[in-house]
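Remarks on the structure that follows.
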């Protein structure tokens, strides 16, 4: 079974716990804090990722670190289960999977907008409103700049890419001309 699928299953279980306990927001925050702690501490990161450390040892040490850091009981118990199952090495993938499931549960879509030049506030608002109207969900937009697009923009929502860039249109025209 792939690591992404395993991480998704654990994240889905955590989401269901959060929904059942009506503590989804606090779990989201706790998980982000835990991942931040692991990222900022190389020794703790090695503990999580090292395959030769016994799972029960990982669980005990990790739980103590989380207790000291003031993490909630639910997230601590969750990570004890994850560590004892020898899956603590999936902590980053688990965080990404949980974030995706949380956004989906809240009706939020994340879009990456790449434009040749920075978008104005009006353009950003119009783009956001257009996608919200099309999808019926709230949009979070992150913007990047790529002058090689020449003009226009590309929007990626999940695995779908909307290419309205000049570079994309020129490439499409080139393909048509070469195939004719």
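All of the numbers you see were taken from the coordinates with simple rules; none came from a lab. Note that this is a predicted model, so its numbers are computed, not measured. Here the Cβ is made from the backbone with ideal geometry for all residues, glycine too, and neighbour counts use every protein chain on show.
Report the residue, chosen from 148, 159, 29, that carries the largest GNM mean-square fluctuation when the chain is represented by alpha-carbon nodes joined by springs under 10 Å. In this elastic network of the chain, the residue with the biggest mean-square fluctuation among 148, 159, 29 is 159. For Cα Rg over 2.2 N^0.38 Å, the value computed from the atomic coordinates appears in the list (i) 2.78; (ii) 1.33; (iii) 1.02 under label (ii). On full extension, the segment bounded by residue 41 and residue 166 gains 40.6 nm, given 0.36 nm per residue less the C-alpha separation. Sorting 91-98, 163-170, 109-116 by their mean Cβ neighbour count within 10 Å, with the most densely packed peptide first, gives 91-98, 109-116, 163-170. Think of it as helices only: each DSSP H run of n ≥ 4 in the chain is worth -39500 (n - 2.57), and spread over all residues that comes to -21000 deg cm²/dmol at 222 nm.
Between residue 100 and residue 138, the modelled labels are 2.1 nm apart [label points 7 Å from Cα along Cα→Cβ].
Considering only segment 107-179, what is the antiparallel percent among its DSSP beta bridges, to the nearest 5? Antiparallel bridges make up about 60 percent of those DSSP assigns within segment 107-179.
Output the direction-averaged projected area (hull surface divided by four) of the convex hull of the alpha-carbon atoms of segment 107-179, in nm².
Details: hull surface 21.3 nm².
The directionally averaged projection comes out at 5.3 nm².
Taken along the Cα-to-beta-carbon direction at a fixed 7 Å, the label points for residue 122 and residue 5 span 5.1 nm.
Report the semi-axes of the equivalent ellipsoid for segment 3-104 in whole Å, largest first, where each axis is √(5λ) for an eigenvalue λ of the Cα gyration tensor.
Equivalent ellipsoid semi-axes, largest first: 20, 15, 12 Å.
Note on residue 177 and residue 110: the model spin-label points, each 7 Å out from Cα along the C-beta direction, lie 3.9 nm apart. Cα centroids of segment 73-97 and segment 153-180: 40 Å apart. Mean-square fluctuations from a GNM of the chain, with a 10 angstrom spring cutoff on Cα atoms, peak among 54, 86, 11 at 54.
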